[in-house]
Each structure stands twice: as C-alpha cells, then as structure tokens.
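The structure appears below as structure tokens.
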Amino acid sequence: MTKTKITNKNVFAAMERLAPKSLAYDWDNVGLQVGSFSTPVKKIMVTLDVLEEVVDEAITKNVSLIIAHHPLLFKPVKQLSTDTPQGRVLHKLLQHNITVYAAHTNLDIAEGGVNDVLCEKLKIKNTKVLIKERTETLYKLVVYVPQTHQKVLREAIGKAGAGHIGNYSHCTFQTMGEGTFKPLEGTNPYIGSQDKMEFVPEVKIETIVQESLLNKVLAATIAAHPYEEVAYDIFRLENEGKKYGLGRVGTLEEELTLQEFSSLVKKQLDISGVRVTGDLDRPVKKVAVIGGSGEKYIRAARNAGADTFITGDMTFHTAQDAWQTGLAIIDPGHYAEKVMKEAVVQYLENEFSDNGVELLASTTNTDPFTFI
C-alpha cells in the first residue's frame, strides 16, 4: 500500500483542527513563522520555545518541521542581523530548510489544548471554561436524499462531525416524503430522464452542525449523495454552542491540603519548585488553571468560586492581593506549559503515524530560571 506524501501544509491543517487559528487573540502571531507550506515532511519536533539551542537540536536530529507553542516571530522584524540571537536562529532555520509553525493562544483556548492538558495532569475534573471568549454558532443542516441512500448519507455526515448534542453523536431526524424534479438539457440525472417529471420517494434528514465543521459536513454530504445536484438547506440556530475561552476551573476528585496539592503540582508537572501563597493546611477542592502568565485573571478565578488558582509569572503585589482575599495561589512558572510537547506529539502521531512521519518532543530545556 502506497503511503500518502505528507507536506507541511497537511501538518498545519491538522494543527488547525486541534487549535483553529480563529481562536487566537488578535494580538497574537500564530501559524507559519518561517519556511514553506509545500516542503515534504518526514520528522517533526515539538517544542515550547524556538531558541538557538532548540534549532541546533533540530539540525542534529534531521528535523524539517518545528511545532512551537511560543511564536518565534512575535513582533515585526525590522532588521535581520546574525549578530543577535533571533537573527542567528532565523539564519540557521533558513540555512537548513527547517520550517517553524506556532500554535499559541489558540492552543491555550482550544479544547484539548494546554489548559485541558494541565487539568488532566493535575487530576482536576468536571472542568469549565474560566474566561469565556466566544460561543460557537450552531447550524441546522437539512438535506433531501432518496430512501435508498439515507443510511449511507446519515453515516457520512455523522462521521464528518454533524449531529453532536451533549455526549451524543450522530443525532438526526428523518421525515419521509416525495421529491419532484425535471432534468433539463445538459443534465446527467442519477434518477430519471431529461424533460420528464420525476416523483421519487425521499427522506428529509435534519441534523445540527458546529460552525467549525460546516464546510467539512457539506463536503461529506455532497460526496455521499447520489444526485448530480444536492438539495439542502442551512439554518442558523439560536441554540448555544460550545464555549471557548482561556483557562479552566474544576474540582479535585478528593480534597487535599494546599501543601499536598502543591506537592502534586510539582511532581505531575515535573518542575523543580512552586511558589505558594496561603495557609498550607487549608483544604483545596475547586481549582482554576491558566497556563503561562495569568495574574490578571485573579478576579475571574475568585468569581468562579475557586479556592486555589494555578498560573505562572505572579508578581508580588498581585499575589499579596489574592492572598488577602483568601484565594490560594500556586505558581509553577511559565515553563509548566511544556506539558504541551507530549500532548501535541501524541495528537500528531494519531494523525500521521500511518504515513511514515516521525514525531519527537524537544529535550532542550528552555526555562531561563534555575532553582537553587
């Protein structure tokens, strides 16, 4: 069996299914940073940051594509000087034909992204979005199909992602009826003849579709439908769709003391130490999490009913303010976001393992801090 040739464009498309670029904040710079869409890819390395040491690792390991969380190019480049760290990085990338792609705030916000991985690692359950940014629009798709093809079409649109309601998939409603049409000159009808009125037993299939999946579901509908011209309707719904936003808030399976939970955070995130505010003997049950730098969301964590907030880059007075209001803080540092490396590797392995693409997580430590 011939394996499909995979290019960077295929990998980018897979990353954007996991973390759509539309979820990123408008100030962010996500997507292709350096390189080409069309370059064939055989080995991919996932990293938190693109520092010179990471690029050297990629060169040594013959990596052609780097997937990063933190964008290499965050601000416009006005001068490309190889006397600067960024200039040397860009020069090496171009010299060795290595492409860099970044998924930043979109990967923070996405379902299954950085914050969900952190919650999974820390055994935080029943999670909800902490800071809602948007709610996905839902649509109703109505399609008319001959009774002979209703099962094939229903399975195709369900496989494409239509029909999800809560924890149920493939949700549809069928109504039997009769379709009429007259094929005109130049047509090649699946049923009937030109210039002759046709009466066909048909089924009206109705289902619900998320905005992000609408084009995919329509393509699946047209591919599975026997007719030359597919009759369908799309209606925008007022139903509330999936909520997207930054951070998560949830509960622990069992109550722990702040001391016990802080030790768990340190162990599960494989870090040298954490900074903690609050009485170490106090109970921890409801926890808010924001990977990276989340100190400006103290109020959101408190309003969500969290007794403990996990985030990085806390400053003295903000931590002090939180402490005085009774909200415990656990600061594992910004580098705790490194949990995204193995998660993205696993996701891409599931996408491309049958195509001979090799995945690896960078082993370079890009944390600028050392605990002594």
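What number of residues within the stretch 223-254 are open to solvent by less than 60 Å² (accessible area, probe 1.4 Å) and either out of contact with any Asp or Glu (no Cβ under 7 Å at 6 or more places or on another chain) or not aliphatic (A, V, I, L, M) (or both)? Step through it out loud before you land on a result.
Start the filter on the stretch 223-254 by keeping residues that are open to solvent by less than 60 Å² (accessible area, probe 1.4 Å), which leaves 224-227, 230-231, 233, 237, 241, 244-252.
Keeping just the survivors that are either out of contact with any Asp or Glu (no Cβ under 7 Å at 6 or more places or on another chain) or not aliphatic (A, V, I, L, M) (or both) gives 224-227, 230-231, 233, 237, 241, 244-245, 247-252.
Of the residues in the stretch 223-254, 17 are open to solvent by less than 60 Å² (accessible area, probe 1.4 Å) and either out of contact with any Asp or Glu (no Cβ under 7 Å at 6 or more places or on another chain) or not aliphatic (A, V, I, L, M) (or both).
Yes or no: residue 318 closer than 30 Å to residue 10 by Cβ, surrounded by fewer than 20 Cβ atoms within 10 Å (Cβ to Cβ) and at pLDDT 95 or above?
Details: closer than 30 Å to residue 10 by Cβ: no; surrounded by fewer than 20 Cβ atoms within 10 Å (Cβ to Cβ): yes; at pLDDT 95 or above: yes.
For residue 318, the condition - closer than 30 Å to residue 10 by Cβ, surrounded by fewer than 20 Cβ atoms within 10 Å (Cβ to Cβ) and at pLDDT 95 or above - is not met.
With (1) surrounded by fewer than 23 Cβ atoms within 10 Å (Cβ to Cβ); (2) on the phi < 0 side of the Ramachandran plot; (3) of a type in the set (Gly, Ala, Ser); (4) touching a helix residue (DSSP H, G or I) at 6+ places or on another chain (Cβ under 9 Å) as the list, and residue 19 as the residue in question, which single condition is left unmet?
Exception for residue 19: condition (1).
How about the stretch 241-277: which of its residues are closer than 13 Å to residue 329 by Cα, touching a helix residue (DSSP H, G or I) at 6+ places or on another chain (Cβ under 8 Å) and aromatic (Phe, Trp, Tyr)?
The answer is none; no residue qualifies.
Test of understanding: among 345, 339, 357, which residue is within 22 Å of residue 290 (Cβ to Cβ) and either among the charged types (D, E, K, R) or open to solvent by less than 20 Å² (accessible area, probe 1.4 Å) (or both)? Steps first, please.
Numbers: 345 fails: within 22 Å of residue 290 (Cβ to Cβ); 357 fails: within 22 Å of residue 290 (Cβ to Cβ).
Selected residue: 339, the only one of 345, 339, 357 that is within 22 Å of residue 290 (Cβ to Cβ) and either among the charged types (D, E, K, R) or open to solvent by less than 20 Å² (accessible area, probe 1.4 Å) (or both).
Hey, can you tell me all the residues within the stretch 141-163 that are buried (at least 19 other Cβ atoms within 10 Å of the Cβ) and assigned to a loop (DSSP other than H, G, I, E, B)?
160, 162, 163
Output the residues belonging to the stretch 264-292 that are open to solvent by 60 Å² or more (accessible area, probe 1.4 Å), at pLDDT 95 or above and on the phi < 0 side of the Ramachandran plot. Break it down stepwise before answering.
Taking the stretch 264-292 as the starting set, the residues that turn out to be open to solvent by 60 Å² or more (accessible area, probe 1.4 Å) are 266-267, 270, 272, 275, 279-281, 283, 285-286.
If we keep only those that are at pLDDT 95 or above as well, we get 266-267, 270, 275, 279-281, 283, 285-286.
266, 267, 275, 279, 280, 281, 283, 285, 286 - these are the residues of the stretch 264-292 that are open to solvent by 60 Å² or more (accessible area, probe 1.4 Å), at pLDDT 95 or above and on the phi < 0 side of the Ramachandran plot.
Looking at the stretch 120-156, which of its residues are farther than 30 Å from residue 306 by Cα and touching a Gly at 6+ places or on another chain (Cβ under 7 Å)?
Residues satisfying the conditions are 138, 144.
Give the number of residues within the stretch 71-124 that are open to solvent by 30 Å² or more (accessible area, probe 1.4 Å), in contact (Cβ under 8 Å) with a residue 40 or more places away in the chain and closer than 30 Å to residue 264 by Cβ.
Of the residues in that region, 5 qualify.
Counting only residues that are touching a residue at least 40 places away in the same chain (Cβ under 8 Å) and aromatic (Phe, Trp, Tyr), which one in the stretch 8-47 is nearest to residue 129 (Cα to Cα)?
My answer is 25.
Mind checking which residues of the stretch 293-313 are of a type outside the set (A, V, I, L, M) and either more than 14 Å from residue 328 (Cα to Cα) or surrounded by 15 or more Cβ atoms within 10 Å (Cβ to Cβ) (or both)?
Once the filter is applied, which keeps residues that are of a type outside the set (A, V, I, L, M) and either more than 14 Å from residue 328 (Cα to Cα) or surrounded by 15 or more Cβ atoms within 10 Å (Cβ to Cβ) (or both), the stretch 293-313 yields 293, 294, 295, 296, 297, 302, 307, 308, 309, 311, 312, 313.
Condition first: within 27 Å of the chain's Cα centre (by Cα) and among the hydrophobic types (A, V, I, L, M, F, W, C). Now tell me which residues in the stretch 275-289 satisfy that.
287, 288, 289
Every residue in the stretch 204-222 that is out of contact with any Asp or Glu (no Cβ under 6 Å at 6 or more places or on another chain), polar (S, T, N, Q), open to solvent by 30 Å² or more (accessible area, probe 1.4 Å) and touching a residue at least 40 places away in the same chain (Cβ under 8 Å), please. So that I can check it myself, show each step before the final result.
As a first pass, look at the stretch 204-222 and keep what is out of contact with any Asp or Glu (no Cβ under 6 Å at 6 or more places or on another chain): 204-209, 212-222.
Next, only the ones that are polar (S, T, N, Q) stay: 207, 212, 215, 221.
Now restrict to residues that are open to solvent by 30 Å² or more (accessible area, probe 1.4 Å): 212, 215.
Result: 212, single match.
So if I check each of 311, 318, which one is in contact with a strand residue (DSSP E or B) (Cβ under 6 Å, 6 or more places away or on another chain), touching a residue at least 12 places away in the same chain (Cβ under 8 Å) and farther than 30 Å from residue 358 by Cβ?
Numbers: 318 fails: in contact with a strand residue (DSSP E or B) (Cβ under 6 Å, 6 or more places away or on another chain).
Just a single option satisfies the conditions, and that option is 311.
If residue 351 satisfies every condition in (1) crowded, with 20+ Cβ neighbours inside 10 Å; (2) more than 30 Å from residue 279 (Cβ to Cβ) but one, which is the exception?
The number of the failed condition is (1).
The values are calculated or read from the model by the stated rules, or taken from the named source; none is laboratory data. Because the structure is a prediction, the values reported are computed rather than measured. Methodologically, a virtual Cβ is constructed for each residue, glycine included, from the backbone with ideal geometry; neighbour enumeration extends over all protein chains shown. All accessible areas refer to the heavy atoms of the entire protein, side chains included, with ligands and DNA or RNA removed. Shrake-Rupley method; radii C 1.70, N 1.55, O 1.52, S 1.80 Å.
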